[in-house]
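FYI, it's all coordinate maths here, none of it is from the lab. As the structure is a prediction and not an experimental result, all values here were calculated from the model. Every residue, glycine as well, gets a Cβ built from its backbone with ideal geometry; the counts of neighbours run over all protein chains shown.
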Amino acid sequence: MDDAEERSLDLVQRLVISALLLVVMGAPTVALAGYGVVADSVAPSTALGLCVLSGVIGLLAAAVIHLINRRRPYAPTVILGLVPAALAAYLIFT
């Protein structure tokens, strides 16, 4: 294979793994945040714990996706992993 073809294949592999990781780690993040919002029997302290756990998983997922794509894991876009947790916290405590 020539060099351009190898780079193209590497890019596609990284994109596929990133998309798979986004689905696999994004689903629990959104599920935890959503459960804290819609469950009536959950105490506010438990809902806060679910938001924190959702935020940790979201940040971890964003950092790992950055690492897979050969970027710094502490880039400003990693904050996007906190979006489900922040939205859930807003909905729970307002």
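List of remarks:
- Residues in the range 52-91 that are basic (Lys, Arg) and either part of a helix (DSSP H, G or I) or in contact with a helix residue (DSSP H, G or I) (Cβ under 8 Å, 6 or more places away or on another chain) (or both): Arg70, Arg72.
- Picking from residues in the range 2-51 that are among the hydroxyl-bearing types (Ser, Thr, Tyr) and part of a helix (DSSP H, G or I), the one that is nearest to His66 (Cα to Cα) is Ser18.
- Answer residue from the range 55-89, given it is in contact with a His (Cβ under 7 Å, 6 or more places away or on another chain) and loosely packed, with under 13 Cβ neighbours inside 10 Å and is nearest to Gln13 (Cα to Cα) among those: Arg72
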